[in-house]
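Take a look at the structure below.
Bear in mind these aren't lab numbers, they're just calculated from the coordinates by the rules spelled out. Just so it is clear, the structure is predicted and the values come from calculations on it, not from any experiment. Here the Cβ positions follow ideal geometry from the backbone for every residue, glycine too, while neighbour counts run over all protein chains shown.
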Amino acid sequence: MITAQKLAQTIFFLWIGSLSAFAQTAWTETAPGVWKLSVGKPEAYNLLTAAGVQPNTVALAALPKTDFPLPKEDISVKVVDGKTYLRFPLERGEQLYGFGLNFQTVHQRGRILNLHMDHYGNRDNGRTHSPTPFYVSSNGYGVFVNSARYLTVYAGSAARLDSKNAPKVQDRNTDKDWSANPYSDAVEVLVPAEGVEIYVFGGPKPMEAVRRFNLFNGGGCLPPRWGLGFTQRVHRLYTADSVRKEAAEFEARKYPLDFIGLEPGWQSKSYPCTFEWDKTRFPDPAGFVKEMLSKNVRINLWTNPYVSPDASIFPQIKPFSGSHTVWVGAVPDLTIPQAQKIYWQQFDKDHVGIGVSGYKIDEVDGNDSWLWPDVATFPSGISAEQMRQTYGLLVQKQSTDLYRNRNSRTYGLVRASNAGGSSFPYVIYNDNYSHQDFITGVINSGFAGVLWTPEVRASKTGEEWLRRFQSVCFSPMAMINAWADGTKPWSFPDVAEQVKAVAQLRMQMMPYWYTEFAKYHFEGTPPFRALNLEDGFIENVEKQTTVADLGENPYQQAVTKEIKDQYMAGEYLLVAPMFTGQSSRKVILPKGKWYDFYTGKYAGNGEVITITPGLDRIPVFVKDGGIVPMTPPRLHAPKAGEKVDLEIRHYGEKPAQYRLYDDDGETYNYEKGQFSWRLIQVERQKNGALKGRMSAAEKGKPDTVGKVTWRFMTN
């Protein structure tokens, strides 16, 4: 006789089986190496529709071919009570990365996260500036849940009763290794909606999964050359004369400077904003911006999107705004074309139209006490929750379009992004000021499809000032943010020359940085990323997690731990920042020979080394065969079409190749084919000496390369 309980269990397991069969047959390869599954009734408004980006299918097709990377029969999906439940299998020894821009953790397996747009509150709980619902497996695949809802993720932290790989049953009374967190063999995601789109990205390596994700989101951004120079954000109440004086002081002291950021005081009112110039501080905005451009210094404007009742556009924008205010300012519904037109026409006329080069868009991330509440409504019908998850995407896309319409690239700052934001020329920042967390943010940004800057603001000592400065010069944006206290690069005289040297190094390395960002755009490779994506670092995850005596192999012991204080910068460089109070540190070198960036001396191969670099230098190591193109020191980025001399440095013993990217550095003409890749080759001659050569410039393509010299760093 079948009991009611057994009947219910039978129905349950038949249901699960039918759901697994559905998952097994309904996947569609929507782009090369990218598979899509629609579950239930996916919402029309999601992260990809908000971002409005299109996959780079040509670049995706150029990646290695790959099969669907997961056993489809082990993926389960279901819609119950208006919610969607997703389950993806995990193997033993498999590690997870991603789930947004995290600042304290790199390994995400075993964690529970609520992916919710917010500022970083000193905890990696899913509430962050980019709660990207994308994760990467050490087994070489990625999963993306395309929802603009707050998602709850159990990243290998929950054990099912019917698990194929159930955890061992233990007795707390007698088992010394009893754990309150039993083994889990799945990632489970709760989506508060009646359906969702899921994407799986093939590898075969984790890096390829990340590249596919970025290319599926349009490819990474390609900033203008000047965006990769140095920027100073000045005190919030500076005047036009204050800015002129500060720019002149940079020039006189020989410190690089490419753009200055004006903080809230440039507006007639802020919190909420008018978006109009304060004529007492800036009596002639157009003349001021033009004058600064003539001195090779661009102007970037701080703002937040909330419209003051005193703003000239307020009566027009009010009918297209949300039900609740932020700092008593209207929140424009930027999904509505009429609202977009009213709002951005003001920016185009008074800012972009007079030569302003970009924006810092603040307070689009969160903090429940000041952002619109989840009970707010918007005239488009988009929920407050969805608006919060995507507002950073909306302001990035729509402000970028102002510059695209004028065929002029921009590069700025924003507090919020999400999946779909890879191609937008914005770097995330926040109000936290932990140097260590900043570096972990750089590492995790590569998994989240965003850029992050460890900005410098203030310091207690010259040592701290220099250490922070060294980190920003090896990051997506080299910036001092002096909005509160007016600090300058030379604020600590005891380290002023070292600060100048590292700022000049940033400028010297511009050909390398620019090429690495071009790879981000055309190939999807994050310019700054975790060692976990590096060949030779995570090859044997299963073996690494089951070593019996880690004391016998310190390298093996090191690579099983989270690496939160060193990262890759471009194709060849490994950066290991120093923090205040450190005189030495350990550095984990992946397999293969590595060399000191500054001297070319051999450093190690697949081992843990201890270094004592002194105060003057941030530790940087170069792969064997590394090629780093550099220019002479300069105070400003090259102008459009300007030729610059190159010193091409080669490290190690291996012959090597490197493709150097070139375009005009300022416009979107590269999208029309106006760009070139110059092949740099280093070969060993019969006499054993190394010799370099570079391919000629293509006829009719950009050529900004002047005289070329070669420097072989390893003798």
Solution diffusion estimate, µm²/s, Stokes-Einstein, segment 95-150, Kirkwood Rh from C-alpha pairs, 20 °C, viscosity 1.002 mPa s:
189
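Taking neighbour Cβ counts within 10 Å as the exposure measure, how do TYR150, TYR306, TYR85 sort from fewest upward?
TYR85, TYR150, TYR306
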Zone of LEU615's modelled label, taken as backbone nitrogen in segment 477-495 under 19 Å from a point 7 Å along Cα→Cβ:
488-495
Under a point spin-label approximation (7 Å from Cα along Cα-to-Cβ), what is the THR461-ALA689 distance to one decimal in nm?
4.8
By average Cβ neighbour count within 10 Å, what is the ranking of 126-133, 382-389 from highest down?
126-133, 382-389
Over segment 627-712, what lengths in whole Å, largest first, do the semi-axes of the equivalent ellipsoid take, defined as the square roots of 5 times the eigenvalues of the alpha-carbon gyration tensor?
26, 15, 10
FRET efficiency for SER380 and LYS279, Cβ-Cβ distance as r, R0 = 51 Å, nearest 0.05?
0.90
Assuming a strict under-28 Å limit between Cα atoms, what lysine pair count do you get for segment 147-291 once near-sequence pairs (fewer than 8 apart, same chain) are dropped?
11
Taking the chain on its own, what percent of its Cα-Cα pair distances exceed 37 Å?
40
Under the 0.36 nm per residue contour assumption, what length would be gained going from the current alpha-carbon distance of TYR183 and LYS601 to full extension?
146.0 nm
For segment 263-410, the fraction of alpha-carbon pairs in successive 10 Å shells from zero, as %
11, 42, 34, 11, 2
Skipping prolines and chain starts, which residues have an amide H placed within reach, meaning under 5 Å, of the one on ALA569, given they are 5 or more residues away or on another chain?
LEU574, VAL575
Over what distance in Å are the Cα centres of segment 610-668 and segment 198-251 separated?
18
At what distance in nm do the modelled label points of ASP310 and LYS643 sit from each other, each positioned 7 Å from its Cα along Cα→Cβ?
5.4
Chain lengthening between GLN674 and GLU73 when straightened (0.36 nm per residue, less Cα-Cα)
211.7 nm
Could you work out how far the C-alpha centroid of segment 474-492 sits from that of segment 399-445, in angstrom?
17
Obtain the nm distance between the two label points defined at GLN54 and ALA26 by a simple spin-label model: each point lies 7 Å from its Cα along the Cα-to-C-beta direction.
2.8
Could you pull out every one of the aspartates and glutamates with an alpha carbon less than 16 Å from that of LYS295, ignoring same-chain neighbours closer than 8 positions?
ASP241, GLU246, GLU249, GLU251, ASP258, GLU642
